[in-house]
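The values are calculated or read from the model by the stated rules, or taken from the named source; none is laboratory data. Note that the structure is predicted; figures quoted are calculated from it, not measured. Don't worry about glycine lacking a Cβ; one is built from the backbone with ideal geometry, like all the others, and counts go over all protein chains shown. These accessible areas exclude ligands, DNA and RNA; they are computed on the full protein's heavy atoms, side chains included. Shrake-Rupley method; radii C 1.70, N 1.55, O 1.52, S 1.80 Å.
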Amino acid sequence: MPRTSSTSAIQDLSPGTEQGQRETGPMITTPAELAAAAGLPADSLQSMELAHQAFPLRVPAAFVEAVGGAPQAVLRQVLPEPRELVQSPGYQSDPVGDQAAMAASGVIHKYHGRVLLVATGACAIHCRYCFRRHFPYNAALASRDGWREAVAYIAANPEISEVILSGGDPLMLEPRRLDQLTRQLVELPQIRRLRIHSRVPVVMPERINSELLSWQAELPWPTTLVIHANHPSELTEAAGVALGRLNRQRGMTLLNQAVLLAGVNDHPSTLCRLNEDLFELGVLPYYLHLLDPVQGAAHFHVDPARARSIMDELRVRLPGYLVPRLVQENAGAPYKLPVL
Ligand SMILES: *Cc1c(COP(=O)(O)O)cnc(C)c1O
Ligand code: SF4
């Protein structure tokens, strides 16, 4: 049952107790820890507290430590702010219509030929702008029953040829849980591609371990891993090592999706550097998303006119293959709409 009050959202989004915390280093989960780790002023604690109660702060300590260069821009993505509690007109709890497209438990089927599985509610990091920050994960996880309902749905819809693992973050699941799914998908000849949407290679790169890579190596289909980095300073040395490992995997394509975020990456020079740095790590740009108008994220809004002018500048400065596609997701639309 979808739950929308902010108290239940805390439970829904206090992820990661059940699955896969073995591989992770220390996590920062309180305003006091973040203030200490990032050298924030003492008076920032109180201002973080209420937003943190509504959507808990979470960021790997190693990530905060490793982010050099532009700490403010990067940390803004995880910093709870009082503005999150202000109701902004047009901002909703489910801005992209995920609930209406829920075809079975944890199965979001919006687009032809591909289906998205909400694999877990756990994330390595809590991004304040997340369009699923109010998602009722407990009620809707594809992995809940050993993936049976999800697999049955796919089997009953033979036009589905690509399965997308999303979440939460699917790479917060242990490889044996992922294997439980792919073993069943192997039985379905209709499946031609597997895709994983994950922020783990960037923010918790130590989870890209040999167990995970062995799981992927056994898959009969090409795998696309769409990572999520918004700012070049997120591409830490450890993330580079993880991406290097992933690049050496057979049948693996690496893409990046980013969200255009005010105060984080809304400058052509930042995005140029992001895409050039990603390329050197073997990752091509895929989508640059306009912010989904999710309640609590209005302070990240970038005006579409400004987004277009940033894109123009990227086209001037970058080779075509390093220019991401600026898109916007509209509930009910048959694909992510290009913003031209
Ligand atoms: C974004 C998304 C996809 C993937 O869309 P592509 O354009 O193929 O990247 C699939 N299903 C859902 C529900 C999505 O939100
Ligand atoms: S943007 Fe991705 S990694 Fe960040 S909180 Fe949302 S689902 Fe998790």
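Distances between placed amide hydrogens fall under 5 Å for residue 92 paired with 294, 295, all partners being 5 or more residues away or on another chain. The overall shape of segment 20-59, judged from the alpha-carbon gyration tensor, is oblate: a/c is not under 1.5, and a/b is no greater than b/c.
What percent antiparallel are the DSSP beta bridges of segment 62-197, to the nearest 5? List each step's numbers first, then the result.
Working: 5 of 14 bridges.
Roughly 35 percent of the DSSP beta bridges within segment 62-197 come out antiparallel.
Rounded to the nearest whole Hz, the Karplus-based 3J(HN,Hα) values (6.51 cos²θ - 1.76 cosθ + 1.60, θ = phi - 60°) of segment 234-246 follow the sequence 6, 7, 6, 4, 5, 5, x, 5, 4, 5, x, 4, 5, with x at glycine and proline.
Shape analysis of segment 89-185 places it in the oblate category; the axes a ≥ b ≥ c from the Cα gyration tensor give an a/c of at least 1.5, with a/b not above b/c. Please name whichever of 50, 127, 307 sits farthest to the positive end of the charge dipole of the chain, dipole taken about the Cα centre and charges placed at Cβ: Lys and Arg +1, Asp and Glu -1. Of 50, 127, 307, it is 307. With all protein chains kept in place, the per residue accessible area of the chain amounts to 42 square angstrom at a probe of 1.4 angstrom. Net charge of the neighbourhood of residue 43, taken over other residues with C-beta under 15 Å away and scored Lys/Arg +1, Asp/Glu -1, is -2.
By how many nm would the segment from residue 88 to residue 37 lengthen if fully extended, with 0.36 nm per residue of separation less the alpha-carbon distance?
15.3 nm
Sparsely packed loop sites in segment 119-160 (the chymotrypsin sites (Phe, Trp or Tyr not before Pro) outside DSSP H, G, I, E and B with at most 10 other Cβ atoms within 10 Å) do not occur.
For segment 58-149, a crude dipole built from +1 on the beta carbon of Lys and Arg and -1 on the beta carbon of Asp and Glu, taken about the Cα centre, is about 100 debye to the nearest 20.
For the chain, rounded, prolate or oblate, judged on the Cα gyration tensor with a ≥ b ≥ c (square roots of eigenvalues), a/c < 1.5 rounded, else prolate if a/b > b/c? Please report the intermediate quantities before stating the final value.
Details: a/c = 1.31, a/b = 1.21, b/c = 1.09.
Rounded.
Evaluating 6.51 cos²θ - 1.76 cosθ + 1.60 at θ = phi - 60° for every residue in segment 79-85, the Karplus couplings come out as 7, x, 10, x, 4, 5, 8 Hz, glycine and proline recorded as x. Sequence-ordered 3J(HN,Hα) estimates for segment 182-198 from the Karplus curve with 6.51, -1.76 and 1.60 and θ = phi - 60° stand at 5, 4, 6, 5, 4, 6, 9, x, 5, 6, 10, 9, 10, 10, 10, 9, 8 Hz, glycine and proline given as x. Surface composition of segment 164-278: carbon and sulfur make up 46 percent of the accessible area, probe 1.4 Å.
Estimated purely from DSSP H runs of n ≥ 4, each contributing -39500 (n - 2.57), the mean residue ellipticity at 222 nm for the chain is -8500 deg cm²/dmol once divided by its residues.
Note: relative contact order over segment 115-192, using C-alpha pairs below 8 Å and six or more positions apart, is 48 percent. Evaluated with a Cβ-only charge set (Lys, Arg +1; Asp, Glu -1), segment 138-236 carries a dipole of roughly 60 debye about its Cα centre, given to the nearest 20.
Remark: spin-label model distance residue 214-residue 188 equals 2.7 nm, labels positioned 7 Å along the Cα→Cβ axis. Simple rule: put +1 on each Lys or Arg Cβ and -1 on each Asp or Glu Cβ in the chain, find the dipole, and look at 37, 251, 73; the Cα lying farthest toward the positive end is 251. If the segment from residue 149 to residue 267 were pulled out straight at 0.36 nm per residue, it would be longer than the present Cα-Cα gap by 38.1 nm.
Think of each Lys and Arg Cβ as +1 and each Asp and Glu Cβ as -1; about the Cα centre, that makes the dipole of the chain roughly 680 debye. Under 5 Å between amide hydrogens, built in the peptide plane, is the criterion, and for residue 196 it picks out 165, 224, 225, 226 among residues at least 5 positions away or on other chains.
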